[in-house]
Amino acid sequence: MTLHVQRCDQVAPQRWRNGAGFTRELLAWPAADDWQLRISVADIEIDASFSAFPGVERWFAVLEGAGVVLQLPEGRRVVDADSPPLHFAGEAPPDCALIDGPTRDLNLMARRGSGRSTMQRAEAGELFAPRCGLRALFVTQAATLQIDGADALRLEAFSLAWSEAALGVWRLAETPAPPRAWWLGFDAERAT
């Protein structure tokens, strides 16, 4: 199994079309110009609507900052750093209001019909072995990813580790403080 690592500070930020923030694309799979799965970190600087992504399922989590208030078709949602990841359809981009200044956020987007995507908070010591083809871990502080009980990879803060041949059991090693990390998965073989 090959593990890939992408750090946020290794990716040049791209300004959003609406000028409200920046995105750092950490993974576009299988190719940047024809992706089925896209994982990115965004910095939201001002209140604005998200961009529309028709035919895309989206996951969203606040990494840093006080959070946001999103106006979705099903109602108003407050999302902060303690909230679970929010799942919503890309066709209906929410209006976004910052709660108290800029935020940094984790985004997972998957083209509808290309597979099943997941995002969940990662806890230290928790096992992660979903039945999916692509598996990833994103951390906001330095952490160690263990695979089948061995110390496999020391990750720096704001890093994404991922593998297309995600076999075995992944585990986030114990940390002195509760980790700020997220498991991500994508199964291209099971259409949604």
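The values are calculated or read from the model by the stated rules, or taken from the named source; none is laboratory data. Keep in mind that what you see is a predicted model, and the values were worked out from it rather than measured. Please note: Cβ atoms are built from the backbone with ideal geometry, for glycine as well, and neighbour counts cover all protein chains shown.
Couple of notes before you dig in:
- Failed item, numbered, when ALA32 is tested on (1) more than 22 Å from LEU155 (Cβ to Cβ); (2) in contact (Cβ under 8 Å) with a residue 24 or more places away in the chain; (3) aliphatic (A, V, I, L, M): (2)
- Options GLY101, GLY113, GLY149; residue that is without any contact (Cβ under 8 Å) to a residue 40 or more places away in the chain, in contact with a Gly (Cβ under 8 Å, 6 or more places away or on another chain) and not aromatic (Phe, Trp, Tyr): GLY101
- Residue within segment 118-128 that is touching a residue at least 12 places away in the same chain (Cβ under 8 Å), touching a Lys or Arg at 6+ places or on another chain (Cβ under 8 Å) and part of a loop (DSSP other than H, G, I, E, B) present: yes
- The condition (being out of contact with any helix residue (DSSP H, G or I) (no Cβ under 7 Å at 6 or more places or on another chain) and assigned by TED's automatic domain parsing to the domain that holds TRP182) is satisfied by just one residue among GLN120, GLN71: GLN120.
- Any hit, segment 35-48, residues being in contact with a strand residue (DSSP E or B) (Cβ under 9 Å, 6 or more places away or on another chain) and without any contact (Cβ under 8 Å) to a residue 12 or more places away in the chain: no
- Selection status of THR118, in contact with a strand residue (DSSP E or B) (Cβ under 9 Å, 6 or more places away or on another chain), surrounded by fewer than 20 Cβ atoms within 10 Å (Cβ to Cβ), closer than 28 Å to VAL56 by Cα and hydroxyl-bearing (Ser, Thr, Tyr): yes
- Applying the criterion of being among the hydroxyl-bearing types (Ser, Thr, Tyr) and more than 13 Å from GLN6 (Cβ to Cβ) to the residues of segment 133-192, the residue that is surrounded by the fewest Cβ atoms within 10 Å (Cβ to Cβ) is THR192.
- Residue check for ILE39: over 26 Å from GLN141 (Cβ atoms) and among the aliphatic types (A, V, I, L, M): no
- Residue check, SER49 out of contact with any Phe, Trp or Tyr (no Cβ under 8 Å at 6 or more places or on another chain) and within 15 Å of PHE186 (Cα to Cα): no
- Filtered by the rule that a residue be under 15 Å from the mean Cα position of the chain (by Cα) and closer than 23 Å to ASP100 by Cβ, segment 45-70 gives PHE60, ALA61, VAL62, LEU63, GLU64.
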